[in-house]
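Peer 1: I'd like to ask you about the structure that follows.
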Amino acid sequence: MIRLYFFLILYSLFFSGCTSDSSKKALYINSYHVGYPSSDQISLGVLNAFHDTSITLDSICLDFKRNNSPDFIHEKVKATMEKIRAFEADILLISDDAAMAHLIKPNMDSLNTPVLYCGINWSAEKYALEPEKCSGMLEVLPIDTLLKTVKHVAPNYKSLTVLSENTLSAQNDKAVLEPIYHNNGFSVDYAFVDNFEEWKLAYQKAAKNAHLIYFPTNGAIQDWNEKEALQLIQQHPAVMVTCDDFMMKYCLLGYTKVAIEQGNWMAGEAIALLQNSKNITDIPVCSNQEIKKYINKSMMEIVDFPIQNIPSWESFNTEDYE
């Protein structure tokens with residue numbers, strides 16, 4: 001909670017004061033909300049990069065993870081397009097799929113501003129972006145490496161449940177990740193849930209029936225109760241894994257992205273564009289590279305998993321999340 005309050009203060013102070021007499025302007029559009037850990041890290045990367053420049057920076061949080069009703073999205077997109085026109089940015093910075101799907105893609109023909117993005121899961125082909133207008137960093141999760149490690153440690157593991165929020169990103173990931181699950185020898189079931197009560201039921205079913213649970217995120221699960229979730233996990237232990245560091249308190253093992261890498265990259269490329277050292281067409285689409293590996297020490301004590309069989313060349317951060 002202290003970390004969140006600090007970030008809120010930093011975020012509000014920075015964006016309210018990040019103005020200058022420069023003629024260059026950038027608008028950062030965050031798909032989600034302040035307090036969602038991955039987008040907080042991306043935002044922090046953007047803040048850090050622009051801090052010592054004379055570029056005017058403003059931001060919008062779309063809040064599409066907590067509010068994904070058609071009416072809310074319609075009104076938010078309408079207001080954001082008005083902001084884009086009024087602000088007259090020289091570049092738009094976009095993080096995550098929701099903004100790309102609901103804001104940028106439907107309005108691409110009317111946008112004359114170059115777009116840099118990050119946090120787009122796996123591929124941007126579905127958005128049919130124009131390369132003379134757009135480029136960015138795709139988000140590729142290290143799930144294949146994670147599953148290979150699990151199979152090395154526990155080769156008898158064959159069943160996997162994907163337990164996640166019921167969102168656009170989760171649905172998009174399903175099509176991309178299913179071949180990876182199968183190629184690693186797992187049959188897979190899916191439990192995409194809207195709220196905490198649904199999550200509790202799905203978790204208990206998965207803990208009983210699956211060798212492994214992949215728990216990507218809980219960000220859009222309504223009425224989430226951290227204390228009750230941890231109590232349920234204690235009562236019904238299961239081997240859960242993740243690719244997001246902020247989910248490690250619930251999981252045994254994590255191969256996680258480093259979200260700030262994406263914010264650093266996007267902002268750095270934007271600054272180079274605005275300082276006229278390159279054009280948008282000079283920036284090839286790339287993907288994130290940094291990975292951190294975690295073992296949750298407190299979960300080791302309740303979960304039956306031969307952690308000692310992890311290969312000696314693997315280097316993990318062992319943390320106690322209690």
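Peer 1: From the list Ile73, Ile60, Ile94, Ile104, exactly one residue is of a type in the set (A, V, I, L, M, F, W, C), closer than 26 Å to Gly35 by Cβ and touching a His at 6+ places or on another chain (Cβ under 6 Å). Which is it?
Peer 2: On the way: Ile60 fails: touching a His at 6+ places or on another chain (Cβ under 6 Å); Ile94 fails: touching a His at 6+ places or on another chain (Cβ under 6 Å); Ile104 fails: touching a His at 6+ places or on another chain (Cβ under 6 Å).
Matching residue, one of Ile73, Ile60, Ile94, Ile104: Ile73.
Peer 1: Given the conditions (1) crowded, with 22+ Cβ neighbours inside 10 Å; (2) under 19 Å from Ile42 (Cβ atoms); (3) not polar (S, T, N, Q), report the number of the one that Leu273 does not fulfil.
Peer 2: Answer for Leu273: the failing condition is (1).
Peer 1: Which members of region 28-81 meet the condition of being surrounded by fewer than 17 Cβ atoms within 10 Å (Cβ to Cβ) and in contact (Cβ under 8 Å) with a residue 60 or more places away in the chain?
Peer 2: Of everything in region 28-81, those that are surrounded by fewer than 17 Cβ atoms within 10 Å (Cβ to Cβ) and in contact (Cβ under 8 Å) with a residue 60 or more places away in the chain turn out to be Asn48, Arg66.
Peer 1: A further question on this structure: Which one is farthest from Leu146 (Cα to Cα) among residues in region 265-294 that are hydroxyl-bearing (Ser, Thr, Tyr) and not in a loop (DSSP other than H, G, I, E, B)?
Peer 2: Here is the first cut: in region 265-294, the ones hydroxyl-bearing (Ser, Thr, Tyr) are 277, 281, 287, 294.
Okay, now just the ones that are also not in a loop (DSSP other than H, G, I, E, B), so 281, 287, 294.
Details: Thr281: 34, Ser287: 18, Tyr294: 11 Å.
Step by step, filter region 265-294, then rank; the result is Thr281.
Peer 1: State which residue is nearest to the chain's Cα centre (by Cα) when the search covers only region 41-52 and only residues that are of a type outside the set (A, V, I, L, M, F, W, C) and part of a helix (DSSP H, G or I).
Peer 2: The qualifying residue nearest to the chain's Cα centre (by Cα) is Gln41.
Matching residues to (1) out of contact with any Cys (no Cβ under 9 Å at 6 or more places or on another chain); (2) modelled with pLDDT of 95 or more; (3) assigned to a loop (DSSP other than H, G, I, E, B):
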{"site": "Ser39", "(1), (2), (3)": "no, no, no"}
{"site": "Ser54", "(1), (2), (3)": "yes, no, yes"}
{"site": "Asn67", "(1), (2), (3)": "yes, no, yes"}
{"site": "Lys76", "(1), (2), (3)": "yes, yes, no"}
{"site": "Ala99", "(1), (2), (3)": "yes, yes, no"}
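Peer 1: Something else about it: Given the criterion assigned by TED's automatic domain parsing to the domain that holds Asn296 and without any contact (Cβ under 8 Å) to a residue 24 or more places away in the chain, identify the matching residue among Gln235, Gln204.
Peer 2: Details: Gln204 fails: without any contact (Cβ under 8 Å) to a residue 24 or more places away in the chain.
Sole residue among the options that is assigned by TED's automatic domain parsing to the domain that holds Asn296 and without any contact (Cβ under 8 Å) to a residue 24 or more places away in the chain: Gln235.
Peer 1: Take Gly35 and tell me if it is on the phi > 0 side of the Ramachandran plot and modelled with pLDDT of 90 or more. So that I can check it myself, show each step before the final result.
Peer 2: On the way: on the phi > 0 side of the Ramachandran plot: yes; modelled with pLDDT of 90 or more: yes.
Yes: the conditions hold for Gly35.
Peer 1: Moving on to the next point. Taking region 132-144 as the search range and keeping residues that are surrounded by fewer than 22 Cβ atoms within 10 Å (Cβ to Cβ) and in a loop (DSSP other than H, G, I, E, B), which one is nearest to the chain's Cα centre (by Cα)?
Peer 2: Keep residues of region 132-144 that are surrounded by fewer than 22 Cβ atoms within 10 Å (Cβ to Cβ), which gives 132-133, 138, 140, 142-144.
Then keep just the ones that are in a loop (DSSP other than H, G, I, E, B); that gives 132-133, 140, 142.
On the way: Glu132: 26, Lys133: 24, Val140: 10, Pro142: 13 Å.
The selected residue is Val140.
Peer 1: Regarding region 11-25, can at least one residue be identified that is under 26 Å from Thr256 (Cα atoms) and either modelled with pLDDT of 95 or more or not assigned by TED's automatic domain parsing to the domain that holds Asp194 (or both)? Step through it out loud before you land on a result.
Peer 2: Just the residues of region 11-25 that are under 26 Å from Thr256 (Cα atoms), to begin with: 11.
So of that shortlist, the ones also either modelled with pLDDT of 95 or more or not assigned by TED's automatic domain parsing to the domain that holds Asp194 (or both) come out as 11.
Looking for residues that are under 26 Å from Thr256 (Cα atoms) and either modelled with pLDDT of 95 or more or not assigned by TED's automatic domain parsing to the domain that holds Asp194 (or both), one finds at least one in region 11-25, hence yes.
Peer 1: Conditions first: (1) within 19 Å of Asn67 (Cβ to Cβ); (2) under 18 Å from the mean Cα position of the chain (by Cα). Val176 passes all but one, so which condition is the exception?
Peer 2: (1)
Peer 1: Hey, can you tell me all the residues within region 152-201 that are in contact (Cβ under 8 Å) with a residue 40 or more places away in the chain and hydrophobic (A, V, I, L, M, F, W, C)?
Peer 2: Those that are in contact (Cβ under 8 Å) with a residue 40 or more places away in the chain and hydrophobic (A, V, I, L, M, F, W, C): Val153, Ala154, Leu160, Val162, Leu163, Leu168, Ala170, Val176.
Peer 1: While we're on this one: Mind counting the residues in region 191-229 that are assigned to a helix (DSSP H, G or I), within 21 Å of the chain's Cα centre (by Cα) and crowded, with 22+ Cβ neighbours inside 10 Å?
Peer 2: The number of residues fulfilling the criteria is 1.
Peer 1: Of the residues that sit in region 145-183 and are of a type in the set (Ser, Thr, Tyr) and assigned to a loop (DSSP other than H, G, I, E, B), which one is surrounded by the fewest Cβ atoms within 10 Å (Cβ to Cβ)? Walk me through how you get there before you give the answer.
Peer 2: So the first thing to find is which residues in region 145-183 are of a type in the set (Ser, Thr, Tyr), and the list is 145, 149, 157, 159, 161, 164, 167, 169, 181.
Going one step further and asking which of them are assigned to a loop (DSSP other than H, G, I, E, B), we end up with 157, 167.
On the way: Tyr157: 18, Thr167: 20.
Top of the filtered list is Tyr157.
The values are calculated or read from the model by the stated rules, or taken from the named source; none is laboratory data. This is a predicted model, so every value here is computed, not measured. Please note: Cβ atoms are built from the backbone with ideal geometry, for glycine as well, and neighbour counts cover all protein chains shown.
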